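Each reported figure results from applying straightforward, stated rules to the coordinates on display, with no laboratory input. No experiment lies behind these values; they were computed from the predicted model shown. Here the Cβ positions follow ideal geometry from the backbone for every residue, glycine too, while neighbour counts run over all protein chains shown.
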Amino acid sequence: MTMKAILMGAVAALAMGLGTASAEGVKVGMITTLSGGGAGLGVDTRDGFQLALKQAGDAAKAVELIIEDDQQKPDVAVQIADKMIQSDKVDVLTGIVWSNLAMAVVPAAVAQGKFYLSTNAAPSALAGKGCNPRYFSVSYQNDNLHEAAGAYAASAGIGKVFIMAPNYPAGQDSLTGFKRFYDGEVVSEVYTQVGQTDYAAEIAQIRASGADAVFFFLPGGMGIAFLKQYAESGVGLPLIGPAFSFSQDILPAVGDAALGVKNTANWSHDLDNPANAAFVEGFKAEYGRLPSIYASYGYDTANLLLSAIAKADVADAEAFRAALQAADFASVRGKFRFGTNQHPVQDIYVREVMKEGDALTNRIVGTAMTDRADAYADQCGM
């Protein structure tokens, strides 16, 4: 059987599993970042989501998707959400990349009776005491990939580490997560500005720190700027990060300076399962590039939504919530289920930046955590 036939079969199986969509339909509002330094993250989120709808065929006809650019600004995201809820009458919101924007939008949205399915941002405040029956994180809980990086650093025997992240909810969660599983010495903990592009001062601190390695979380344009400047500095300490610091949208801009770097992720394009094969090949065919981890989250979120639409009317909130909780879809991550706080329970891998032909990408080299939930589920009262 050819690869094309295998992929067509996988897509057909996904569509069959979705069944027939609710006659009433679902209006979905996607708020994501499509301009500025974080645009690549939102573009991939949008493209992954839309690819899943396209592959689903007739099963996706009941979905009306409205997409708007939040410009990576909390006030803009709030304005868009208000318009989508009050004027567009959406049933479901999704797509926000940045945790400070999620904190500005999600609590008010669920309080108004809307479902929110997170394609990315998953701050600790919404996983614990702030959990809500209408809020689902499809991606992870913010700490997760950083926890795995801490566990990897500990297992690799790294004795002293310099840690750095932007000063916003996801950055704070990232360093908290790293420290939860790292058993060595944190010689310095630095918070940078969101959107920062000049890292000369931080690189000087790294040089003088006496660290054995550097852990950093700098997504999007921040990561590109830091990695280029770090490579030029000649400091040379090994780098460790979550997938966001070495995702497919960042690697082409960074170049060979990223080769060999280890990073942690709950998805990789080389995960061996039919859903992932259909996603990766379909994404390359549709958009002419390899998908990033953000695209994988958008794709899974759309397929989760379609699986729920096939089982329940969104107007019946309890039935629709139960259909979402069942997570009856073929995830690109392979096994997938929700914990008690409606965040994923999943495996987290160690990846290494490598070259495939002329393209930089990541490949799995180990497993950091198996069936990891999150540290806040016990605080959730659901």
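Over all distinct alpha-carbon pairs, what is the Kirkwood Rh of region 55-136 in angstrom? Display every interim value, and only then the final one.
Numbers: mean 1/r = 0.0756 Å⁻¹.
It works out to 13.2 Å.
Taking amide hydrogens as modeled 1.01 Å from N in the peptide plane, which residues meet the under 5 Å criterion relative to residue 93, leaving out close sequence neighbours?
29, 115, 116, 117
Over the chain, what is the relative contact order in percent, taking alpha-carbon pairs closer than 8 angstrom and at least six residues apart? Mind showing how you got there, number by number?
Details: 842 pairs, mean separation 76.3, N = 382.
This gives 20 percent for the chain.
From the phi of every residue in region 160-176, what ³J(HN,Hα) in whole Hz does the Karplus formula 6.51 cos²θ - 1.76 cosθ + 1.60 yield, where θ is phi - 60° and glycine or proline is x?
Working through the residues one at a time gives 9, 9, 9, 10, 8, 7, x, 8, 8, x, 5, x, 5, 4, 5, 6, 4 Hz.
Could you tell me what a quarter of the Cα convex hull surface of the chain works out to, in nm² with one decimal place?
Values: hull surface 69.3 nm².
Projected area, direction-averaged: 17.3 nm².
Quick query: amide H of residue 351 versus all other amide H atoms, modeled in the peptide plane; which residues come in under 5 Å with a sequence gap of 5 or more or a different chain?
Amide H neighbours of residue 351: 263, 264, 265, 365.
Give me the angle, in degrees from 0 to 90, between the Cα long axis of helix 39-56 and the longest principal axis of the Cα atoms of the chain, rounded to the nearest 10.
Here the helix axis deviates by roughly 40 degrees.
Find how many whole Å separate the alpha carbon centroid of region 244-291 from the alpha carbon centroid of region 27-81.
Each part reduced to its Cα centre gives a spacing of 20 Å.
Taking the chain as the reference, fit the longest principal axis to its C-alpha atoms, fit the long axis of helix 144-155 to the helix C-alpha atoms, and give the angle between the two in degrees, 0 to 90, nearest 10.
40
Whole-Hz Karplus ³J(HN,Hα) for region 241-254, in order, using 6.51 cos²θ - 1.76 cosθ + 1.60 and θ = phi - 60°, x for Gly and Pro?
Karplus values, whole Hz, x for Gly and Pro: x, x, 4, 4, 7, 9, 7, 4, 6, 8, 4, x, 6, 7.
Check each of the trypsin sites (Lys or Arg not before Pro) in region 34-73 and keep only those in coil by DSSP with at most 16 other C-beta atoms within 10 angstrom; list them in order. Numbers along the way, then the final one.
Numbers: sites: 46, 54, 61; in loops: 61.
The qualifying sites are 61.
On C-alpha positions alone, give me the angle between the axis of helix 74-86 and the longest principal axis of the chain, in degrees, nearest 10.
10
Net charge near residue 80: determine it from the other residues with C-beta under 12 Å of the C-beta of residue 80, scoring Lys and Arg +1 and Asp and Glu -1.
Net charge in that neighbourhood comes out at -4.
Quick one: Cα centre-to-centre distance for region 125-158 and region 327-373, in angstrom?
Region 125-158 and region 327-373 have Cα centres separated by 13 Å.
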